[in-house]
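Peer 1: I am attaching a structure below and will ask some questions about it afterwards.
The values are calculated or read from the model by the stated rules, or taken from the named source; none is laboratory data. Here the structure is a predicted model, which means the values were calculated and not measured. Every residue, glycine among them, receives a Cβ derived from its backbone with ideal geometry; neighbour counts consider all protein chains shown. Accessible surface is based on the protein model in full, side chains and every heavy atom, while ligands, DNA and RNA are left aside. Shrake-Rupley method; radii C 1.70, N 1.55, O 1.52, S 1.80 Å.
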Amino acid sequence: MPLALLALAVGAFGIGTTEFVMMGLLPDVADDLGISIPTAGHLVSAYALGVVIGAPLLAALTSRMSRRRVLIGLMALFVVGNALSALAPGHGWLLAARFLSGLPHGAFFGVGAVVATGMVPPERKARSVSLMFLGLTVANVAGVPVATLMGQHLGWRATFLGVGAIGVAAIAALALLIPHDHAHTAPAAGLRGELAALRSLPVWLALLTTVAGFGALFAAYSYITPMLTGTAGYAESSVTLLLALFGVGATAGNLLGGRLADHSMRGTLFGGLAALAVVLLLFPMLMRAGWSAALAVTLLGTAAFVTGSPLQLMVMEKAAAAPSLASSANQAAFNLANAGGAWIGGLALAAGFGATSPALAGGALAVLGLAVAAASQAVDRRRPAQVPAARVVTGHVPEATAPLHR
């Protein structure tokens, strides 16, 4: 695999760290700024909103630019957002800075996925995407715990300065390792042409599969702490270690999904969603003992992230004339899944169905994801195979055209 994938993984590591570290810093931020924890929770929502808005918008606006320059520019915006977060004098300024930090998130992964797949042969595309996403999953194992400890001992502002430093390192790695490329000159008519590439049923079915599949994950994961402490009997001090097990499972699932998807993209997607549904539906039973609860958390990460690479590739193939925009839109869909899954899991709890009911709601969403994926496959069988309308230029070698995987 090209060493340039390491640069993308470093950027993904920084983005993953800043996305999830706020959850662990909420009490410190709330105390320092004199606000309530629920009010501080809006900082998480502000970042997610930045991702949803910035992902398709920035990808579309930069569609004709050199992708190397776009990646460096996006990471520079990421550094600025985190620096402003560290220097924010009050809640309002921090809210705006978190929104700014979220803007480059989706576009970075979207454009990065296109660059990653353009540097490898067609039979290794899924693995290249999984190696880029490796930075995101490793962030949950190492980056977030270390950044949280830094915030608790040195202050939350030091955490964001540290994350900004990771962004600077990512910029250096991108500039050094990503091959020079030319501006994208596909015959799409600017922003309108990019958006037109998304006006197809297969693209929207692929995006809906992402929303349902990862909504299943977040329906359960958003409430994993009360499940572990209230049902499995773990002490609150043990939750951090158990969440690290989720990160280990996610890392393994990401690597496994990339390898399997290169052999069968749809087979990996269906298998991952089915495994996710089974794990979630077994949660009430697995949470009855400490050892099985730890196993459940690990398997949850593995099953969910097996689907990451095939979902990313499927969306890119369905909108071959605008792969950066489609890939970025998939990141927006991921964040919608985060918010929507947490909301649905909360409804199950509020209805009085028990501490593990969010997992059952997640199981239902995973089944829905399977149904949408099946509908997407049925639509594909009725349509002629499409050849990508644009070639991706990385370095001086055109990207190989990849056939649809079925």
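Peer 1: Please give the solvent-accessible surface of E236 in Å², to the nearest 10, using a probe radius of 1.4 Å with every protein chain present.
Peer 2: 150 Å²
Peer 1: Heavy atoms only, probe 1.4 Å: what % of the accessible area of the chain goes to carbon and sulfur, would you let me know?
Peer 2: Values: 11120 of 15760 Å².
Carbon-and-sulfur percentage of accessible area, whole number: 71.
Peer 1: Output ³J(HN,Hα) for segment 28-33: one whole-Hz value per residue in order, computed from phi by the Karplus curve 6.51 cos²θ - 1.76 cosθ + 1.60 with θ = phi - 60°, and x for Gly and Pro.
Peer 2: 5, 5, 4, 5, 5, 8
Peer 1: Using Cα-Cα distances under 8 Å and only pairs 6 or more residues apart, what relative contact order does the chain have, in percent?
Peer 2: 25 percent
Peer 1: Under the 0.36 nm per residue contour assumption, what length would be gained going from the current alpha-carbon distance of I53 and S292 to full extension?
Peer 2: Full extension of this stretch gives 82.1 nm more.
Peer 1: While we're on this one: Choose one of A235, L276, H263: the residue whose Cα lies farthest towards the positive end of the charge dipole of the chain (beta-carbon charges +1 Lys, Arg; -1 Asp, Glu; about the Cα centre).
Peer 2: The listed residue farthest towards the positive side: H263.
Peer 1: In 10 Å bins starting at 0, how do the alpha-carbon pair distances of segment 261-304 split up by percent?
Peer 2: Bins of 10 Å from zero give 30, 43, 20, 7 percent of pairs.
Peer 1: Place a +1 charge on the Cβ of each Lys and Arg in the chain and a -1 charge on the Cβ of each Asp and Glu, then give the dipole magnitude about the Cα centre in debye, rounded to the nearest 20. Working shown, then result.
Peer 2: Values: 20 positive and 12 negative charges, 229 e Å.
Magnitude of the dipole: close to 1100 debye.
Peer 1: Using only protein heavy atoms and a 1.4 Å probe, report how much of I35 is accessible, in Å² to the nearest 10.
Peer 2: 40 Å²
Peer 1: So how do 162-173, 223-234 stack up, highest first, on mean other-Cβ count within 10 Å?
Peer 2: Final packing ranking: 162-173, 223-234.
Peer 1: A further question follows. Ranked highest first by average number of other Cβ atoms within 10 Å, how do 77-87, 97-107 line up?
Peer 2: Averaged packing, sorted descending, gives the order 97-107, 77-87.
Peer 1: Work out, step by step, the length gained on full extension between S36 and H153: first 0.36 nm times the residue separation, then minus their alpha carbon distance; give nm to one decimal. Write out the running numbers ahead of the final one.
Peer 2: Working: separation 117, 0.36 × 117 = 42.12 nm, distance 2.09 nm.
Computed gain between S36 and H153 is 40.0 nm.
Peer 1: Further question on the same structure: Please give the calculated 222 nm ellipticity per residue for the chain, where each DSSP H segment of at least 4 residues contributes -39500 (n - 2.57) and the sum is spread over every residue; nearest 500 deg cm²/dmol?
Peer 2: Estimated from H runs of four or more residues: -26000 deg cm²/dmol.
Peer 1: Next question, about the same structure. Top to bottom by accessible area (1.4 Å), largest first, where do F270, F353 land? Display every interim value, and only then the final one.
Peer 2: Working: F270 50, F353 155 Å².
Result of the area sort, largest leading: F353, F270.
Peer 1: Using 1/(1 + (r/R0)^6) with R0 = 45 angstrom and r between the beta carbons of V278 and A96, what's the FRET efficiency to the nearest 0.05?
Peer 2: With a Förster radius of 45 Å, E is 0.60.
Peer 1: Give me the orientation-averaged projected area of the Cα convex hull of segment 56-107, in nm², one decimal.
Peer 2: 3.4 nm²
Peer 1: Taking all pairs of distinct Cα atoms, average 1/r, flip it, and tell me the Kirkwood hydrodynamic radius of segment 26-81 in Å to one decimal place.
Peer 2: Numbers: mean 1/r = 0.0753 Å⁻¹.
Result for segment 26-81, one decimal place: 13.3 Å.
Peer 1: Along the Cα→Cβ direction, 7 angstrom out, place labels at L6 and A172. What is the inter-label distance in nm?
Peer 2: Placing both labels 7 Å along Cα→Cβ, they lie 1.3 nm apart.
Peer 1: Using Cα-Cα distances under 8 Å and only pairs 6 or more residues apart, what relative contact order does segment 1-132 have, in percent?
Peer 2: 34 percent
Peer 1: Suppose the chain between M23 and V239 were pulled fully straight at 0.36 nm per residue; how much longer would it get relative to their current alpha carbon spacing?
Peer 2: 76.4 nm
Peer 1: Also, quick follow-up: Using a 10 angstrom cutoff on alpha carbons, build the Gaussian network for the chain and name the most mobile of G253, G34, G215.
Peer 2: Among G253, G34, G215, the largest GNM mean-square fluctuation belongs to G34.
Peer 1: Something else now. I'd like the accessible area for L243: 1.4 Å probe, protein heavy atoms, all chains in place, Å² to the nearest 10.
Peer 2: 50 Å²
Peer 1: Label points 7 Å out from Cα along the Cβ direction at A375 and L347: separation in nm?
Peer 2: Each label point is offset 7 Å from its Cα along the Cβ direction, giving 1.6 nm.
Peer 1: Restricting things to alpha carbons, tell me how big segment 220-348 is in terms of Rg and Dmax, in Å.
Peer 2: In Å, with Rg to one decimal and Dmax whole: 15.9, 52.
Peer 1: Out of every Cα-Cα pair in segment 1-126, what percent are more than 23 Å apart?
Peer 2: Here the long-distance tail beyond 23 Å is 36 percent of all Cα pairs in segment 1-126.
Peer 1: Order W156, W343, W291, W204 by their accessible area, 1.4 angstrom probe, all chains in place, largest first.
Peer 2: W291, W343, W204, W156
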